[in-house]
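The values are calculated or read from the model by the stated rules, or taken from the named source; none is laboratory data. The structure presented is a predicted model; accordingly, all values stated were derived computationally and were not measured. Cβ placement follows ideal geometry from the backbone for every residue including glycine, while neighbour counts extend to all protein chains displayed. These area figures cover heavy atoms from the full protein model, side chains too; ligands, DNA and RNA do not enter into them. Shrake-Rupley method; radii C 1.70, N 1.55, O 1.52, S 1.80 Å.
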Amino acid sequence: MKAVAALRGSIVVTDTEDPPLERGHVRIRTEYSAISPGTELSFLKKGGDHPSLLGYSAAGIVEEIGEGVTGLLPGQRVACYGAPYVRHAERLTVPSNLVAAVPDHVLPEEAAFAGLGAIAIHALRTADLRFGESAVVVGLGILGQIIAQIASAAAVRVAALDLNAQRVLMLQEQGIRHAYNRQEQLEEQLQILTDGHGADSVILCAGGPGEELINRSLTWIRDRGNIVVVGDLTTTFSRGQMFGKEAQVLISRAGGPGRYDSGYEKDNRDYPIGYVRWTEGRNVAEYVRLLSEGRISVLPLISHRYPLGEAEAAYANYLNPTDCLGTILEYES
C-alpha cells in the first residue's frame, strides 16, 4: 500500500506492507487523513536515511475486525488517532481503543481531524476549566481554532490572540467575538471579560522561544490560575511572577491518558472508567460527538485538499503558513 514518509528532509510516497491484524485491532480503508503541521514538520526536519511514516489522525471505513473487538462492524465509518497505528496510508490497522464510530451525517473530512480534536480536548481538561470560567487561547492555527471552539461549546468565556488577522476573523465567524490580532486589544477586553480578575487559564498553542509569551501570560491570569503549554514552546519564565500568583505552568501531552502506554494502545486494554474517566480514545469519541451535535465546525478550517500522490505539495504549502490552515489528504475509494 502507499504511505507518506519523511526521508532525508523530504516528503516521499512510499510502498509499505499492511501490519498484521492483531487481537483487539481493526483494519480500516482510509478516506481522509489530516496533516498536523507542528508535529509532522518537526519530524520532517529530523528525517534520516530510512523512510519514517508520518501522520496520526484519519477517518475511513472498517474492512475487517480482529478477535475480541466489540461495538464496531465492517462497513462502518470511523475516526481514529495515534501513531504508529494511524498514518497517512491507504489502509490502517488500529487498536479499537483508538477508534470511534462516525454517524452518517458527520462529514468524514471533519472526522479525519479526530487526533487534533482529542489533543484539543485533553488540553482543556489539563486546564481544568469549569462552566463559566475563562480562557485565553494564544495561536490560532488549526489546533488553537479547535480548542477555542470546544471551550466555547463548554460555556467557557473565551478570548483569543493571533497576529494573523485572517485567522482571527475565522474564529470570530464561529461566534467567538473576543478574538484579536493585537495584544493591547486582548489585554483591554480581558479585564472586562473577567470582571478584572484575570483569566482562569491561558492555553498556548504557539511555538518557538517561550519566555516572553509565558511571562506575559502570567500577567493575564488570575491569582492561582494556570498556563497550559500545548505548542512546541520553550518553557523559560519568571519564577517571581509565577510565585506572585502561585500559578501553575502545565504541559498538555497528546490526546489524553493511554498515550504512549503499550498496554492501552497495542494490547488494547482499556482503563476502567471509574479510575480514568477520559482516555485518549474517549476524547476521540467526544470530538466526534461535538461534530455530530453541531457544537463545533471544522469544515471552514480546511483550507487545502490534496490526493495522496501529491503529499509533497501538501507539506510544501506550509512554507507559506499565512494562507494554509487545515490540510487533508484524500484517498481513492
Note to self: Run lengths n ≥ 4 of DSSP H only: what is the helix-derived mean residue ellipticity at 222 nm for the chain, with -39500 (n - 2.57) per run over all residues, to the nearest 500?
What the structure shows: -8000 deg cm²/dmol
Margin query: As a test of reading the structure, rank 81, 32 by solvent-accessible area (1.4 Å probe, protein chains only), most first.
Written below: 32, 81
Next item on the list: Could you work out how far helix 114-127 tilts from the main Cα principal axis of the chain, as a 0 to 90 degree angle to the nearest 10?
Entry: 30 degrees
Item checked: DSSP-defined beta bridges in the chain - what % are antiparallel, rounded to 5 -> 55 percent
Margin query: Using the basic label-point model (7 angstrom from Cα toward the beta carbon), what is the residue 276 to residue 104 distance in nanometres?
Written below: 3.5 nm
Item checked: Cα radius of gyration and Dmax for the chain (Å) -> 19.7, 58
Margin query: Taking every alpha carbon pair in region 211-332, what does the distance histogram look like in 5 angstrom bins from 0, in percent?
Written below: 2, 8, 11, 10, 12, 18, 18, 12, 5, 2, 0, 0
Notebook entry, point to check: What chymotrypsin sites (Phe, Trp or Tyr not before Pro) in region 226-297 are in a loop by DSSP, with at most 11 other Cβ atoms within 10 Å of the Cβ?
Noted result: 260, 275
Next item on the list: Please calculate the 1.4 Å probe accessible area of residue 105, with all protein chains present, and give it to the nearest 10 Å².
Entry: 120 Å²
Item checked: Whole-number percent relative contact order across the chain, with pairs defined as alpha carbons under 8 Å at least 6 apart -> 19 percent
Checklist line | Qualifying GluC sites (Glu not before Pro) for region 43-84 [loop in DSSP, other Cβ within 10 Å: at most 11] | finding: 67
Notebook entry, point to check: How far is helix 183-193 tilted off the main Cα axis of the chain, in degrees rounded to 10, range 0 to 90?
Noted result: 80 degrees
Check: Ignoring ligands, DNA and RNA, what percent of the 1.4 Å accessible area of the chain is carbon and sulfur?
Finding: 49 percent
Checklist line | Within region 5-57, GluC sites (Glu not before Pro) in DSSP loop having at most 11 other beta-carbon neighbours inside 10 Å | finding: 17
Next item on the list: Could you order 45, 266 so the one with the most accessible surface comes first? Probe is 1.4 Å.
Entry: 45, 266
Next item on the list: Rounded to the nearest 0.05, what FRET efficiency do residue 174 and residue 67 give with R0 = 45 Å and r taken as the Cβ-Cβ distance? Could you check?
Entry: 0.55
Note to self: If I take every Cα pair under 8 Å that is 6 or more residues apart in region 255-333, average their sequence separation and divide by the length, what percent do I get for the relative contact order?
What the structure shows: 24 percent
Check: So what is the accessible area of the chain per residue, in Å², with the probe set to 1.4 Å?
Finding: 45 Å²
Item checked: In degrees, nearest ten, helix 211-220 long axis to first principal axis of the chain (Cα) -> 60 degrees
Item checked: With all protein chains modelled, accessible area of residue 232 [1.4 Å, Å²] -> 130 Å²
Checklist line | Rounded, prolate or oblate (a/c below 1.5 giving rounded, otherwise prolate when a/b exceeds b/c) for region 1-145 by Cα gyration tensor | finding: oblate
Notebook entry, point to check: Remind me, relative contact order of region 178-333 in percent, using alpha carbon pairs under 8 angstrom and six or more residues apart?
Noted result: 13 percent
Next item on the list: Specify whether the C-alpha gyration tensor of region 149-205 places it in the rounded, prolate or oblate class, a ≥ b ≥ c being the square roots of the eigenvalues: rounded for a/c under 1.5, otherwise prolate if a/b is larger than b/c and oblate if not.
Entry: oblate
Check: For a paramagnetic label modelled at 7 Å from the Cα of residue 305 toward its Cβ, which residues of region 12-35 fall within the zone defined by backbone nitrogen distances under 20 Å?
Finding: 29-35
